[in-house]
1. So if each residue of separation counts as 0.36 nm, and I subtract the Cα-Cα distance between residue B:194 and residue B:154, what length gain in nm does that give?
2. What Kirkwood radius, in Å to one decimal, follows from the Cα pairs of the range A:9-64?
3. Determine the distance separating the Cα centre of the range B:64-108 from the Cα centre of the range B:113-130; give it in Å without decimals.
4. Measuring from centroid to centroid over Cα atoms, what is the spacing of the range B:189-239 and the range A:1-40 in Å?
5. What does the C-alpha gyration tensor say about the overall shape of the range A:42-87? Classify as rounded when a/c is under 1.5, otherwise prolate if a/b is larger than b/c, or oblate.
6. On a 0 to 90° scale, report how tilted helix B:94-104 is relative to the longest principal axis of chain B, with both axes built from alpha carbons and the result rounded to the nearest 10.
7. How do the peptides B:29-40, A:159-170, B:260-271, A:175-186 rank, highest first, by the average count of neighbouring beta carbon atoms within 10 Å per residue?
8. In 10 Å bins starting at 0, how do the alpha-carbon pair distances of chain B split up by percent?
């Protein structure tokens, strides 16, 4: 088939500049595929930087990884793409972690409904869930990339806060939903919140000196020791969430946050490990 | 400017001193850190990578003080680090893993970051497996992935802890080539217990043992340490510091040669063994 017409200069120029309307651009492309003469006129006119940019765009479109489910959810919630990537690498934002949270909450609820005093199990365990999640989210023992993250310029404190906020939000939402199903007074549904925040902040504060998982274990043990009297028969099962205890938790929270602020630089070095 | 200047560094874990006054300088080019297992190489490199603070001594990196939090961040912006056992998120793809480290290196703009990730993956020859999960990569590929993340952002100082461990000869060659290229215009500090790595690519060498520096200098000057102190004989000489049987049936000795001994040219390995005081267990027969 012989070509009977050729591109006029206007069509060629607007195609090269990228300003040709889609119909014209498509017709130019169809024509140059068949017409060697117009092809030769076109090739020297195209600016190489523009070609490189188009090629890079094509590579980026094809090659960029598809966001993971967690990342997709975060992006939809308006989280920035680089922050979503950091959160996707949080060891405690995994299916296994959420399954154990479900299991613990389920057992605590069962116990609360089984006996009159069973609510104490929920009140003792729920505050420990975010503690475990936060400790796991930046410990060298659970984050395989911890060493690299430490040597990187990204602020360790910011990484910690971003991850803790995500873990805390997820855990508190789950535990909060479970707490709605507790029998008894309605204020119980939020009574565990302040202890949870105090214990989480306390773990962060202790982690400026000790390995995060060890800090969490230490505080959890202390908390269980403090709550133990509430388990005794004839005692007040709500002992740990009465106003006195709440005030104590508030004090711990304030002191712990102050400690983290003062000692924030301690996070940017490797802690408690002798490799 | 000297990229790494470490003076009399001490780091103790309980009663064990991993670093016991080690001194080292490294400038542009590849500096090899040579020493037996447990010599303190990893502890020293972790200090140079700003991950670990030494208990005593003075450390200057790129002219800055890593004990100052602000300067530490600035050093980290210009540093690439490959730990001895770089952990990976195994469910990430190769691309995602490097992309994650790029975010930690403050590359927030998505498009520029992706271009940089592609650049380093191509440098180490992993561009074809960029969508493969890290857990599906071979050991050699994971080492290359480790090197790729260290090269992100063209760091001025590269700290590589045993980068060639567990590589087969062909991969080792490729790695040496990459590190040698990297050392053309920046400082590369790498540890190894393979004398061949040092001979093949290092412009200078530092030998450490038990947390102390035994030698600092060029590769030829290290070899010169063993000149006239290497000989072969038809029988094993018990007076030698170290000795082993060669394939030819002769015995190769390092130490103080007896009168009339048949001296041979020294190698880097001979010099290394002499420095360490001869530990035959280090040398396979």
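1. The residue B:194-residue B:154 span can extend by a further 11.8 nm.
2. By the Kirkwood definition, the hydrodynamic radius is 12.2 Å.
3. That distance is 16 Å.
4. Using only Cα atoms to place each centre, the spacing works out to 68 Å.
5. Prolate, because a/c is 1.5 or more and a/b exceeds b/c.
6. So the helix axis and the longest Cα principal axis differ by about 80 degrees.
7. Descending mean neighbour count gives B:29-40, A:159-170, B:260-271, A:175-186.
8. 6, 26, 31, 22, 11, 4, 1, 0
Bear in mind these aren't lab numbers, they're just calculated from the coordinates by the rules spelled out. This is a predicted model, so every value here is computed, not measured. FYI the Cβ positions are ideal-geometry reconstructions off the backbone, even for glycines, and counts take in every protein chain you see.
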